[in-house]
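Below is one structure, written out as structure tokens; the observations come after it.
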Amino acid sequence: MAVERTLSIIKPDATRRNLTGKIIAKFEDAGLKVVASRRMRLSQADAEAFYGVHKERPFFKDLVSFMVSGPVVVQVLEGEGAIQKNRDVMGATNPANAAAGTIRKEFAESIEANSVHGSDAPETAANEIKFFFRDLDIVG
Ligand code: IDP
Ligand code: MG
């Protein structure tokens with residue numbers, strides 16, 4: 001399988017509870033490497049643009065409010081099959097459906113405050129990485 005890069009975000013519910021290290025350890029234990037990282041506060045415009053694909057969904061407004069409610073950690077993860085591997089380590093969107101040992105099963109508070117974001121396909125991964133990082137910021 002090819003080495004890929006994917007975009008990961010540690011969401012405000014997790015930074016608020018000081019869980020960034022525990023979450024990053026899950027990625028590293030799965031063989032994913034953090035090759036870029038920044039702690040930041042998303043603006044309203046950033047969050048609306050990033051989640052633009054969901055703008056017609058009923059939860060969009062709440063999701064944007066949640067994503068700007070505290071700091072996030074945006075990061076690029078690299079590894080064999082990184083896009084799917086990250087999704088596997090994250091677990092299902094709704095923590096009630098997430099498998100044992102996944103980040104969302106262990107840490108998520110709700111379907112909305114579910115601790116992590118991960119790109120879902122090669123094209124979205126490329127676009128989401130570009131949204132936050134310049135090539136120079138990514139060091140494999
Ligand atoms: P994903 O993060 O597992 O890819 P998406 O369907 O892309 O899930 O949804 C993006 C984010 O929107 C979720 O991670 C979650 O924070 C939020 N979300 C998704 N579905 C719901 C919902 O039914 N109610 C509230 N928030 C939701
Ligand atoms: Mg998604």
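The values are calculated or read from the model by the stated rules, or taken from the named source; none is laboratory data. Only a predicted model underlies this, so the values are computations on that prediction, with no experimental measurement involved. A quick note on method: Cβ atoms are made from the backbone with ideal geometry, for glycine too, and the neighbour counts reach across all protein chains shown.
For the range 30-140, list the helices (runs of 4 or more DSSP H) that sit wholly inside it and hold at least 2 residues that are more than 26 Å from GLU4 (Cα to Cα) and either at pLDDT below 95 or more than 15 Å from ligand 2 (Cβ to nearest atom) (or both); which are they? Give the derivation first.
Values: elements: 44-50, 60-67, 82-90, 103-107, 122-132.
Of the helices (runs of 4 or more DSSP H) lying wholly inside the range 30-140, those with at least 2 residues that are more than 26 Å from GLU4 (Cα to Cα) and either at pLDDT below 95 or more than 15 Å from ligand 2 (Cβ to nearest atom) (or both) span 44-50, 60-67.
Do you know which of the residues in the range 76-98 that are within 12 Å of the chain's Cα centre (by Cα) and hydrophobic (A, V, I, L, M, F, W, C) is nearest to ligand 1 (Cβ to nearest atom)? Top of the filtered list is MET90. Kindly indicate whether any position in the range 37-48 is within 26 Å of LEU136 (Cβ to Cβ), surrounded by fewer than 17 Cβ atoms within 10 Å (Cβ to Cβ) and among the hydrophobic types (A, V, I, L, M, F, W, C). Checking the range 37-48: at least one residue is within 26 Å of LEU136 (Cβ to Cβ), surrounded by fewer than 17 Cβ atoms within 10 Å (Cβ to Cβ) and among the hydrophobic types (A, V, I, L, M, F, W, C).
Please work out which residue is nearest to ligand 1 (Cβ to nearest atom), limiting yourself to the range 127-140 and to residues that are within 21 Å of ALA47 (Cβ to Cβ) and in contact (Cβ under 8 Å) with a residue 40 or more places away in the chain. Steps first, answer last, please.
Applying the first criterion (within 21 Å of ALA47 (Cβ to Cβ)) to the range 127-140 yields 127-134, 137.
Next, only the ones that are in contact (Cβ under 8 Å) with a residue 40 or more places away in the chain stay: 128-129, 131-133, 137.
On the way: GLU128: 11, ILE129: 16, PHE131: 15, PHE132: 16, PHE133: 19, ASP137: 23 Å.
Per the criteria, the residue is GLU128.
Go over the candidates ARG57, ARG104, ARG134, ARG87 one by one and state the one that is more than 22 Å from LYS33 (Cα to Cα) and among the basic types (Lys, Arg).
Values: ARG104 fails: more than 22 Å from LYS33 (Cα to Cα); ARG134 fails: more than 22 Å from LYS33 (Cα to Cα); ARG87 fails: more than 22 Å from LYS33 (Cα to Cα).
Every option except ARG57 fails the conditions.
Of the set (1) in contact (Cβ under 8 Å) with a residue 60 or more places away in the chain; (2) farther than 22 Å from GLU123 by Cβ, all apply to PHE50 but (2). Remark: pairs (first residue in the range 1-24, part of a strand (DSSP E or B); second residue of a type in the set (Phe, Trp, Tyr); Cβ separation under 8 Å; 6+ apart in sequence or on different chains) = LEU7/PHE131; LEU7/PHE132; SER8/PHE27. Per this entry, SER43 is counted among residues that are more than 13 Å from ligand 1 (Cβ to nearest atom), small (Gly, Ala, Ser) and touching a residue at least 24 places away in the same chain (Cβ under 8 Å). In the range 83-94, the residues that are under 14 Å from ALA113 (Cβ atoms) form no Cβ pair under 7 Å with any partner that is away from ligand 2 (no atom under 11 Å from the Cβ) and of a type in the set (Phe, Trp, Tyr), whether six or more places apart or across chains.
Matching residues to (1) surrounded by fewer than 14 Cβ atoms within 10 Å (Cβ to Cβ); (2) over 17 Å from PHE107 (Cα atoms); (3) under 13 Å from the mean Cα position of the chain (by Cα); (4) of a type in the set (Phe, Trp, Tyr):
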{"position": "THR6", "(1), (2), (3), (4)": "no, yes, yes, no"}
{"position": "PRO12", "(1), (2), (3), (4)": "no, no, yes, no"}
{"position": "ASN18", "(1), (2), (3), (4)": "yes, no, no, no"}
{"position": "GLY21", "(1), (2), (3), (4)": "yes, no, no, no"}
{"position": "ILE24", "(1), (2), (3), (4)": "no, no, yes, no"}
{"position": "ASP29", "(1), (2), (3), (4)": "yes, no, no, no"}
